[in-house]
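Note sheet for the following structure.
Read-outs throughout are calculated quantities, based only on the coordinates presented, and are distinct from any laboratory measurement. The shown structure was predicted, so the numbers you read here are calculated from the model rather than taken from an experiment.
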Amino acid sequence: MKVGRIILLLFLGLPASPLSAEKINVDDLSAYLNALTTLRAGFTQISSDNSLSTGALYIKRPGRARFEYDPPNNALVLAVGGQLAIFDPQGNTEPESYPLSKTPLSLILADKINLAQDRMVTGHEYDGISTILTVQDPDFPERGIIRLVFTGPSPQLRQWVIKDQNGDETVVILNDTKTQLSLPDSLFNIFLNREKRKSKN
């Protein structure tokens, strides 16, 4: 994929004109994330090999997230109960499971977020449109780095970039974001989703 195409996609989730006149401070970003109890959005994912995927994202804090990929991918990723369960696109009904705490996604899903006190902020920048926050767990740097992109003046999470210990980056761009919704727990239930995928095979 051409670099220009990737750059264009990176800004699909951002507003056409600046919504913030200055950098959003860390305390306001912490307050925004703590108040973000539920979220539903479409997403575009750009993987390290430049492949594109789209789908729907559901977040129910604390601790729960669902990445539902569109066909032909059909992958499903669930975060619940401290685990990250990945149902692969080949339709295997048994997911691979990893500790959520070992992924940068655990930051967004944490029960209480205090970015200043947690010593995890390694970068806090403003590019004239967006505030970019770079976060890494100082005690476990091998868990990777996440860059969160917000616009304002009232903070809105627009995208994030995850960089793993191998240097590979995955970009997730959000669109049509809705918050403060009623999301059923069944969306995040690994057993129910496993049975549902079995019934389709």
task = Work out from phi, with θ = phi - 60° and the Karplus expression 6.51 cos²θ - 1.76 cosθ + 1.60, the ³J(HN,Hα) of each residue of region 158-167, listed in order in whole Hz, and give x for Gly and Pro.
result = 9, 6, 9, 10, 9, 10, 8, 5, 8, x
note = The set of residues whose placed amide H lies less than 5 Å from the amide H of ILE129, leaving out same-chain residues fewer than 5 positions away, is none
task = Step through the residues of region 129-135 one at a time and calculate ³J(HN,Hα) from phi using the Karplus curve (6.51 cos²θ - 1.76 cosθ + 1.60, θ = phi - 60°), rounding each to whole Hz and writing x for Gly and Pro.
result = 10, 10, 9, 10, 10, 9, 10
message = Through the Karplus equation 6.51 cos²θ - 1.76 cosθ + 1.60, θ set to phi - 60°, convert the phi angles of region 45-50 into ³J(HN,Hα) values in whole Hz; use x for Gly and Pro.
response = 10, 10, 7, 5, 8, 6
task = Could you work out which residue, out of LEU78, LEU39, LEU183, moves most in a Gaussian network model of the chain, that is, has the largest mean-square fluctuation with Cα springs under 10 Å?
result = LEU183
